[in-house]
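Taking it in order: structure first as structure tokens, then the write-up.
Read the figures in this text as sums done on the coordinates, not as results from a lab. Because the structure is predicted, anything quoted here is derived from the model rather than measured. Neighbour counts are summed over all protein chains in view; Cβ atoms, including those assigned to glycine, are modelled from backbone coordinates with ideal geometry.
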Amino acid sequence: MSKKLTAPDVEKKPFEVEVNGNVRVDDYYWLREKTNVDVLAYLAAENAYREQELAHLEGLREKLFAEMVGRIQETDDSVPVREGEYYYYTRTEEGKQYGIYCRKLGMEGAEEILLDLNQIDDENDFAYLSLGIYQVSPQHDLLAFGLDTTGAETYTIQFKHLGTGELLTDVIENAAGSAEWGDNTTLFYTTEEANTKRSDKLYRHILGEGQSADVLMYHEPDQLYNVYPYKTNDKRYLFVGSLGIETYEWHYLDTDVPLGDFKLFAAREKGLRYDVEHRAGTFYIVTNADGAVNSKLMTTPVTNTQRGSWQTLIPHREEVRLYNIEMFAQYLVRSERINGLTQLVVTQFDGFETHTIDFDEEIYTVGFGANAEYDSQLVRLTYTSLVTPATVYDYHMGQRTLELKKRTPVLGGYDTDQYTTKRILATADDGVKVPISLVYRKDAWQGQPTTLHLYGYGSYGVTVDPSFSSARVSLLDRGVVFAVAHVRGSQIFGRKWYENGKFLHKRNTFTDFIACAKHLIAQNYTEPAKMTIEGRSAGGLLVGAVLNLASQLFKAAVAGVPFVDVVTTMLDETIPLTVGEFDEWGNPKDPKYYDYMLSYSPYDNVTAQDYPAILVTAGLNDPRVQYWEPAKWVAKLRDLKTDNNPLLLKMHMGAGHFASSGRYDLLKDVAHDYAFLLDQLGLAK
């Protein structure tokens, strides 16, 4: 019989840092020494301990995984996207981890396989494989593709001749995750700073030349910004932007002159954000200019792009958040949010007649699909809800009719009518109404407290819109109510909802979530012994902060790749992404931000109290949330918590922020987490 493992011990090595006259002691700072054999041994011990503690759930994990696989159509095709004479699509095959990228010349043409990630994986046996760049050249004869094989989100770009299937000798190393073709022999791609992993440069590569000959086209020295390229829908202009959280600036290039120089569109102004599209000699600008908090649509001629020439086409509206537009030769389609719901609004340029695409469900999510054809009467859109699987429609803009192209099959007898979804409102500490989206089997809740899983995020203006998950059915069919707390820090009620959950208002995110939990208890949906919570990344920060503030409300928690060591990370400008985050959290070198961050940082506020059962997941190669944040947090929790509830760390030793890369491996990750939650809820069967 093997020896029973105890929770791993980690040595305290006090590290002092002084900021603004304050001295902080960090006992576990040394865990950031990634190449230290003691650190790696500790992480391995945590993994071994977790595996031992969850060994009794192996059967449940296998059962959950089988259920999840049983609901997906393993051999399947995406809806083809027309681009020129070709129809591009992705397909999957039963038993294979990755997608196969294909096309046909005409809908009835023979299939051409452009890229098979399974073949690449078989030939190399990668622990991790992710496709970050996939760009077919303007003449459809070349493919530029970029692969990440570590999870660190750094890519190697290769080129394939689609006629012969041969790889070109051109190879671009250490690329960031974005690239665009100029003409058929020119690729523009971004690179990143080695330490901070900020995308800071745009290069021009000419096929046939070595990477050392590539021309630097654009460099952004300010660490608040990342560099990103895109093409307008009509392929007429290539834009490269310096994008911060609060401020944007764009330069542009005529794609007919790929060897030319980029021109400034409009000079950088602190707090000014704008995105640009083009049609028939006019630029269309979605912007927050002139105090348009929720954004408005403006235009300017291509002959004069500076701020003084911009004219308002669709004014700012207090009740509507304008996100972005899709441009066609005869139509303009806007993506907006009103009353917390997404919507698409179609305008015909001839007469400027406008209408909204309507849907029947109470809560849902609609957005743009792939729209590669500029001169088209169709806009492709995607639709889903908490009960409706991912659906692809073509909307005929002239006829105002929806054509169903595909609804993702859910096998195993899933019946939408057996489930219900609704939105309710909780009241925050300051009286603000906070939405909660719910989904559950109709027979799961009859007005008496039952098991419930509450999910949250609440940062960067990202809204967790209602969407379907076939894996989640394994929770719902065991009687678990699934809820999403739409806390401040998202944009469900517009930009101000986001601004009231960042900087010196960040604590609203956490207190909103607690208010949602209390409301669910008060309305008899659940009770503390039957409620679990979850969040990932900045949502892991939410989970960590909430556990410090109101641990007694929850039975268990899952914190995925959690950003929990806020102060230490934001003080260190040498690690990836820190400086750019100043516009989300603030700069702790400013005393007011330092004190405020310190008041909620989960790692800094762990206390000697009871905590619920906690599962923490992380990735050793994560460039977004460094692995040592969750590792340090777990170590400090072990030292201070006063309960005997499970505290477990799952460290992916060969992956990054997004866990496993293969679709089956990712489902195994989900089954692992669900088994932990169900066990804590007494539903491990």
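Tell me which residues come under 5 Å, amide H to amide H, from residue 614 once H is placed; ignore anything under 5 positions away on its chain.
557, 647, 648
Two decimals is fine: what is log10 I(q)/I(0) at q = 0.13, 0.15, 0.18 Å⁻¹ for region 78-317, from a Debye sum with one equal scatterer on every Cα and no solvent?
Normalising to I(0) and taking log10 leaves -0.90, -1.12, -1.37.
Counting only residues 5 or more places away or on other chains, whose amide H sits under 5 Å from the amide H of residue 324 once H atoms are built in the peptide plane?
Sorted by chain and number, the residues that satisfy this are 335.
Quick check on the chain: helices-only [θ] at 222 nm, where DSSP H runs of length 4 and up contribute -39,500 (n - 2.57) each and the sum goes over total residues. Nearest 500, please.
So the calculated ellipticity at 222 nm is -5500 deg cm²/dmol.
In debye, nearest 20, what is the charge dipole magnitude of region 319-410 about its Cα centre with +1 on Lys and Arg Cβ and -1 on Asp and Glu Cβ, if you could check?
The calculation lands at about 300 debye.
For residue 274, list long-range residues whose amide hydrogen, built 1.01 Å from N in the peptide plane, is under 5 Å from its own amide hydrogen.
Hits under the 5 Å cutoff: 248.
Find the relative contact order for region 319-410 and round it to a whole percent, using C-alpha pairs within less than 8 Å whose residues are 6+ positions apart.
Computed over region 319-410, the figure is 18 percent.
Order 303-310, 366-373, 450-457 from most to least packed using the mean count of other Cβ atoms within 10 Å.
Sorting 303-310, 366-373, 450-457 by mean packing, highest first, produces 450-457, 366-373, 303-310.
Taking +1 at the Cβ of each Lys and Arg and -1 at the Cβ of each Asp and Glu, which of 424, 667, 383 sits farthest along the dipole of the chain towards its positive end, judged by Cα position relative to the Cα centre?
424
Kindly count the pairs of lysines across region 78-317 whose alpha carbons are less than 20 Å apart, treating pairs on different chains or eight or more residues apart as eligible.
6
Can you give the direction-averaged projected area of the convex hull of the alpha-carbon atoms in region 65-167, in nm²?
Seen from a random direction, the Cα hull of region 65-167 projects 7.6 nm² on average.
Rounded to a whole number, what is D in µm²/s for region 220-362 from Stokes-Einstein with the Kirkwood radius over alpha-carbon pairs (25 °C, 0.890 mPa s)?
Reported coefficient: 152 µm²/s.
When Rg is the radius of gyration of the Cα atoms in the chain and Rh is its Kirkwood radius, what does Rg/Rh come to?
Checking Rg against Rh, the ratio lands at 0.95.
Which whole-Hz couplings ³J(HN,Hα) result when phi for each residue of region 43-57 is put into the Karplus expression 6.51 cos²θ - 1.76 cosθ + 1.60, θ = phi - 60°, listed in order with x for Gly and Pro?
Each residue's phi maps through the Karplus curve to give 4, 5, 5, 4, 5, 5, 5, 4, 4, 5, 5, 9, 4, 5, 9 Hz.
Using a Cα-Cα cut-off of under 25 Å, which lysines could be cross-linked to residue 422, ignoring same-chain neighbours fewer than 8 residues away?
Of all the lysines, those that pass the test against residue 422 - Cα under 25 Å, at least 8 places apart if same chain - are 406, 433, 442, 496, 518, 530, 555.
Calculate how many DSSP beta bridges within the chain are antiparallel, expressed in % of all such bridges and rounded to the nearest 5.
About 85 percent, rounded to the nearest 5.
Excluding residues fewer than 8 places away in the same chain, name every one of the lysines whose C-alpha is closer than 23 Å to that of residue 3.
650
What does region 359-431 give for Rg and for Dmax, in Å, if only its C-alpha atoms count?
In Å, with Rg to one decimal and Dmax whole: 16.2, 51.
Among the listed pairs 4/632; 506/589; 502/641, which are separated by more than 22 Å between their Cα atoms?
4/632; 502/641
Under the rule a/c < 1.5 gives rounded, and otherwise a/b versus b/c splits prolate from oblate, where does region 187-289 land using the Cα gyration tensor?
Judged from the Cα gyration tensor, region 187-289 comes out oblate (a/c at least 1.5, b/c at or above a/b).
Kindly rank 418-427, 183-192 from highest to lowest mean number of other beta carbons found within 10 Å of each residue.
My ranking of the peptides, most packed first, is 183-192, 418-427.
Can you list the equivalent-ellipsoid semi-axes of region 319-410, largest first and in whole Å, using the square root of 5 times each Cα gyration tensor eigenvalue?
21, 17, 11
For region 349-497, what class follows from the C-alpha gyration tensor (a ≥ b ≥ c being the square roots of its eigenvalues): rounded when a/c is under 1.5, otherwise prolate if a/b is larger than b/c, else oblate?
Note, shape of region 349-497 comes out oblate.
When all alpha-carbon pairs of region 1-46 are counted, what percent fall beyond 14 Å?
60
Rounded to whole Hz and in sequence order, give me ³J(HN,Hα) for region 523-534 from the Karplus expression 6.51 cos²θ - 1.76 cosθ + 1.60, θ = phi - 60°, writing x for Gly and Pro.
Per-residue couplings from phi come out as 8, 6, 6, 7, 8, x, 6, 10, 10, 10, 9, 7 Hz.
Can you work out D for region 505-569 in µm² s⁻¹ from Stokes-Einstein, where Rh is the Kirkwood radius over C-alpha pairs, the temperature is 20 °C and the viscosity is 1.002 mPa s?
The Stokes-Einstein estimate is 178 µm²/s.
From the backbone phi of region 241-257, what are the Karplus-calculated ³J(HN,Hα) couplings (6.51 cos²θ - 1.76 cosθ + 1.60, θ = phi - 60°) in whole Hz, Gly and Pro given as x?
Here the 3J(HN,Hα) series is x, 9, 10, x, 5, 10, 9, 10, 8, 10, 10, 9, 9, 5, 5, 6, 10 Hz.
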